[in-house]
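The values are calculated or read from the model by the stated rules, or taken from the named source; none is laboratory data. None of these values were measured; they are calculated from a predicted model. Here Cβ is always computed from backbone atoms with ideal geometry, including for glycine, and neighbour counts include all displayed protein chains. Remember, those area values only see protein heavy atoms, side chains included, never the ligands or the DNA or RNA. Shrake-Rupley method; radii C 1.70, N 1.55, O 1.52, S 1.80 Å.
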Amino acid sequence: MAKTALITGASGGIGYELAKVFATHAYDLILVARSTDKLQQIQSELTQSHPGQVHIFSYDLSQPASPLALFEQVQQQGLTVDVLVNNAGFGDYGPLAECDWDKHSALLQLNMVTLTHLTRLFLPPMLERGSGKVLNVASTAAFQPGPFMAAYYASKAYVMSFTEALAHEVDGTGITATVLCPGPTRGTDFQARAKLGEVEFFKQLKLPDAAAVAQFGYDALERNQVVAVHGVLNRLLVFTNRIMPRRTVTNAVGRLQAPEGK
Ligand SMILES: NC(=O)c1ccc[n+]([C@@H]2O[C@H](COP(=O)([O-])OP(=O)(O)OC[C@H]3O[C@@H](n4cnc5c(N)ncnc54)[C@H](OP(=O)(O)O)[C@@H]3O)[C@@H](O)[C@H]2O)c1
């Protein structure tokens, strides 16, 4: 019987590319995001190109009630989730004192609370079966504080710490947990949604594409790797960050991301 992967944030960017990779490996899919029209297009594309089933569920996962409602809908339809991919997330650029609080609050809810709640809900059935995988999408932002995107960077540090701890908790149960840490990635709406177009540094970067990041994440999940940082340069950066004084690293990120005049 085909295995099923539930992917949040599958209507575009890295989540859409992950859906294609899982479909290529003969998984059935449960795709979740807000944009029903985009999910319908992807469902029709993937059912034409792959033999597996594609279920689509529209949820605003920044709403606190959504994880339980999604879990219950999955159960009601008799679906079994073998792989949970917590990918949905977004950033918000700018000084904290000037941020739109509703947007920031949704960011914290989606990036951390929803990811944790969905894991809490889908993990017990995996433990009962003695098999399952969790792939959480963090970022290279997880490895250092990020002035002018302070909450986003901190939310990704949470995702990394949470996943490393979870991997330890489930060790020996047949369940694995992997945290994928991409650096800035092209072929996504992330930069536009986070208003990062204003940052000169990001305009100059030659970025890897979302398909390469998704394939790397899938491979890391298959190898049961706990922390998977995409790209040699990103791994070098992460290593350098770990040996440099935290204050120096924070100042460097602050200089790179500072809005004009700050
Ligand atoms: N792109 C990068 O440079 C980069 C780098 C490092 C890490 N990441 C991480 O990679 C993950 C995927 O982001 P991406 O780069 O692929 O960005 P993206 O192109 O903006 O895709 C984000 C996905 O999340 C969904 N989403 C956003 N808010 C949602 C909500 N409230 N409820 C349900 N779904 C929601 C979006 O769908 P709808 O709008 O249809 O809901 C979309 O499918 C995120 O966790 C991000 O933090 C991205």
Q) Would you say D189 is within 11 Å of the ligand (Cβ to nearest atom) and surrounded by fewer than 18 Cβ atoms within 10 Å (Cβ to Cβ)? A) yes
Of the candidates L205, L237, L233, the one satisfying the condition of being open to solvent by 60 Å² or more (accessible area, probe 1.4 Å), touching a Pro at 6+ places or on another chain (Cβ under 7 Å) and farther than 22 Å from T114 by Cβ is L205
Filter the stretch 7-26 for residues that are open to solvent by 10 Å² or more (accessible area, probe 1.4 Å) and under 16 Å from Q53 (Cβ atoms); the one that is nearest to the ligand (Cβ to nearest atom) is K20
| task | For N224, state whether it is in contact with a helix residue (DSSP H, G or I) (Cβ under 9 Å, 6 or more places away or on another chain) and either among the hydroxyl-bearing types (S, T, Y) or at positive phi (or both). | result | yes
Review point. Does the stretch 228-239 include one or more residues that are touching a residue at least 24 places away in the same chain (Cβ under 8 Å), within 13 Å of the ligand (Cβ to nearest atom) and in a loop (DSSP other than H, G, I, E, B)?
Key: yes
When every residue in the stretch 208-227 that is touching a residue at least 40 places away in the same chain (Cβ under 8 Å) and either of a type in the set (V, I, T) or assigned to a loop (DSSP other than H, G, I, E, B) (or both) is compared, the one most open to solvent (accessible area, probe 1.4 Å) is N224
Residue pairs within 7 Å by beta carbon, gap of at least six or interchain, first lying in the stretch 101-126 and open to solvent by 50 Å² or more (accessible area, probe 1.4 Å), second charged (D, E, K, R) and within 12 Å of the ligand (Cβ to nearest atom), listed first then second, are K103/D92
The helices (runs of 4 or more DSSP H) lying entirely within the stretch 101-200 that contain at least 1 residues which are at pLDDT 95 or above and over 13 Å from G89 (Cα atoms) are 101-108, 115-129, 150-169
Picking from L68, L61, the residue that is among the aliphatic types (A, V, I, L, M), within 13 Å of the ligand (Cβ to nearest atom) and either open to solvent by 50 Å² or more (accessible area, probe 1.4 Å) or at pLDDT 95 or above (or both) would be L61
